[in-house]
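A.B. asks: Sharing a structure below in structure tokens format, with a few things to ask.
The values are calculated or read from the model by the stated rules, or taken from the named source; none is laboratory data. If you're wondering where the values come from, they're calculated on a predicted model, not measured in any experiment. Cβ coordinates were reconstructed from backbone atoms using ideal geometry, including for glycine residues, and neighbour counts include every protein chain displayed. For accessibility, only protein heavy atoms count, side chains too; no ligands or nucleic acids. Shrake-Rupley method; radii C 1.70, N 1.55, O 1.52, S 1.80 Å.
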Amino acid sequence: MAAEIGPEHSSREWNYHPDLPLDDRSVFQWPPSPRYLATWIAQNWLTLSERVIMALLAIALYLFAYPSLESAQTLAFGWVFQVWLVNMALMIVVAGGLHWYFYLRGHQGQRLKFDRRPQAKGNALWNFSDQVKDNMFWSLGSGIAQLTAFQVLIMWAMANGYAPTITPAQNPVWFVLALILLPIWSAFHFYWVHRLLHVPFLYKRVHALHHRNVNIGPWSGLSMHPVEHLLYHSMLLIHFIVPLHPIHLIMGVIYNGPGAAMTHAGYEDLLVKDKRRLALGTFYHQLHHRYYECNYGNQEMPWDRWFGTFHDGSETATSDTRARKKKMHA
């Protein structure tokens, strides 16, 4: 359901920010709130939300684009190349499309854009002295290669009985429930991997590459060091433990690849006729890219609040985060 755009907030630090301080949008409310949980499910799964779109895309790709499990029983160049080609095309269409729409054509201008600055050029910090080209290099190189490798491994394991599988006909309730739970698992995994990457040893040698993107854009989402790609994509290994369907695998692939481009778009929502039609980035994660040692997870998991690393957008939270960063990286 489209939402009307309300008054836009700006400040010295931000071109746009939502209402502050940020509220608690975690699905893990205490005491538990069945009403809040029902509202969350309705907003995410009973409207044409980004998650429903991803699920529908996963089904379409399963039926028409990716090779079948039968062909995956034996490792062969043909079907492996097909998986890589589909993943490459998905990333180019989504990340490239968002970059073209927002940054090349400027269709939305500065509306709902968090950082007022353009993408960086002429800076030796980046490969090719260009932020976008640097981000594309890491995203389409190691990012898609490793995403494809994980997908190929799991498809082969499913086809040969090494990874447990289900069918929608035999397990319809679990099939649907798993679609709902998959983003929550992804958020859980992301938080703990992200905390690991902020240990100073790994941060300086690995994660700093991603954090060069203070002013993020669609190509920044999957722009990571190869070691970080390995840790990030390991979310998909849940398929070796929990019985799932190839459609769930494809949805996880979409989350980790094109989904990262969407959440790093630099804009909160896609506007069509002044209505919010598609949720993109969150100010929650934008704060992490600006201030580093805060908001390691996302809004649906409570870990940042529980462990004292939540930045709610206030000046007090900024001061606390800067003090924590100085202590960690001393």
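A.B. asks: In segment 236-245, which residues are open to solvent by 10 Å² or more (accessible area, probe 1.4 Å), in a helix (DSSP H, G or I) and either touching a residue at least 60 places away in the same chain (Cβ under 8 Å) or closer than 13 Å to Thr167 by Cα (or both)?
C.D. replies: Correct list: Leu237, Phe240.
A.B. asks: Inspect segment 123-144 for any residue being farther than 17 Å from Ala260 by Cβ, of a type outside the set (D, E, K, R), in contact with a Leu (Cβ under 6 Å, 6 or more places away or on another chain) and not in a loop (DSSP other than H, G, I, E, B) and give the result as yes or no.
C.D. replies: Filtering segment 123-144 for residues farther than 17 Å from Ala260 by Cβ gives 123-130, 133.
With of a type outside the set (D, E, K, R) added as a condition, the list becomes 123-129.
Next, only the ones that are in contact with a Leu (Cβ under 6 Å, 6 or more places away or on another chain) stay: none.
The answer is no; no qualifying residue exists.
A.B. asks: Checking the conditions here, which among Gly109, Gly78, Gly97 is of a type outside the set (Lys, Arg) and more than 30 Å from Ile250 (Cβ to Cβ)? Before the answer, list the steps.
C.D. replies: Values: Gly78 fails: more than 30 Å from Ile250 (Cβ to Cβ); Gly97 fails: more than 30 Å from Ile250 (Cβ to Cβ).
That would be Gly109, the only listed residue that is of a type outside the set (Lys, Arg) and more than 30 Å from Ile250 (Cβ to Cβ).
A.B. asks: While we're here: Out of the residues in segment 260-285 that are in contact with a Gly (Cβ under 8 Å, 6 or more places away or on another chain) and not aliphatic (A, V, I, L, M), which is farthest from Val86 (Cα to Cα)?
C.D. replies: My answer is Phe283.
A.B. asks: Oh, and also: Right, Tyr66: modelled with pLDDT of 95 or more, in a loop (DSSP other than H, G, I, E, B) and either over 30 Å from Val152 (Cα atoms) or of a type in the set (Ser, Thr, Tyr) (or both) or not? Please lay out each step first, then the result.
C.D. replies: Working: modelled with pLDDT of 95 or more: yes; in a loop (DSSP other than H, G, I, E, B): yes; either over 30 Å from Val152 (Cα atoms) or of a type in the set (Ser, Thr, Tyr) (or both): yes.
So Tyr66 passes the test.
A.B. asks: Which of the following residues is buried (at least 16 other Cβ atoms within 10 Å of the Cβ), of a type in the set (Gly, Ala, Ser) and over 23 Å from the mean Cα position of the chain (by Cα): Ala58, Ala72, Ala124, Ala76? First the steps, then the outcome.
C.D. replies: Details: Ala58 fails: over 23 Å from the mean Cα position of the chain (by Cα); Ala124 fails: buried (at least 16 other Cβ atoms within 10 Å of the Cβ); Ala76 fails: buried (at least 16 other Cβ atoms within 10 Å of the Cβ).
Being buried (at least 16 other Cβ atoms within 10 Å of the Cβ), of a type in the set (Gly, Ala, Ser) and over 23 Å from the mean Cα position of the chain (by Cα) holds for just one of Ala58, Ala72, Ala124, Ala76, which is Ala72.
A.B. asks: Within the group Ala265, Ala279, which residue is within 26 Å of Met88 (Cα to Cα) and buried (at least 22 other Cβ atoms within 10 Å of the Cβ)? Give the steps one after another, and end with the answer.
C.D. replies: Numbers: Ala279 fails: buried (at least 22 other Cβ atoms within 10 Å of the Cβ).
Unique residue meeting the criteria: Ala265.
A.B. asks: Same structure, new question: Return a yes/no flag: does segment 120-134 have any residue that is touching a residue at least 24 places away in the same chain (Cβ under 8 Å) and among the charged types (D, E, K, R). Spell out the reasoning first.
C.D. replies: Keep residues of segment 120-134 that are touching a residue at least 24 places away in the same chain (Cβ under 8 Å), which gives 120, 125-126, 131-132, 134.
In the following step, the residues that additionally are among the charged types (D, E, K, R) were identified as 134.
Within segment 120-134 (the criterion being touching a residue at least 24 places away in the same chain (Cβ under 8 Å) and among the charged types (D, E, K, R)), the answer is yes, since at least one residue qualifies.
A.B. asks: Further question on the same structure: Looking only at segment 208-229, filter to residues that are assigned to a helix (DSSP H, G or I) and under 16 Å from the mean Cα position of the chain (by Cα); which one of those is farthest from Ala145 (Cα to Cα)?
C.D. replies: Here is the first cut: in segment 208-229, the ones assigned to a helix (DSSP H, G or I) are 208-211, 218-220, 226-229.
Keeping just the survivors that are under 16 Å from the mean Cα position of the chain (by Cα) gives 210-211, 218-220, 228-229.
Values: His210: 17, His211: 21, Pro218: 18, Trp219: 16, Ser220: 16, Glu228: 13, His229: 10 Å.
Only one residue fits best here, namely His211.
A.B. asks: I would also like to ask the following. Any chance you could count how many residues in segment 232-280 are of a type in the set (A, V, I, L, M, F, W, C) and under 30 Å from Pro118 (Cα atoms)? Let's see the steps before the verdict.
C.D. replies: We begin by selecting, within segment 232-280, every residue of a type in the set (A, V, I, L, M, F, W, C); these are 235-238, 240-242, 244, 247, 249-251, 253-254, 260-262, 265, 270-272, 278-280.
Those left that are additionally under 30 Å from Pro118 (Cα atoms): 253-254, 260-262, 265, 270-272, 278-280.
Counting residues in segment 232-280 that are of a type in the set (A, V, I, L, M, F, W, C) and under 30 Å from Pro118 (Cα atoms) gives 12.
A.B. asks: Residue pairs, Cβ under 9 Å, 6 or more apart or interchain, first in segment 272-288 and aromatic (Phe, Trp, Tyr), second assigned to a helix (DSSP H, G or I). List them.
C.D. replies: Matching pairs, first to second residue: Tyr284/Asp304.
A.B. asks: Of the residues in segment 159-207, how many are within 24 Å of Leu46 (Cα to Cα) and not in a loop (DSSP other than H, G, I, E, B)?
C.D. replies: 17
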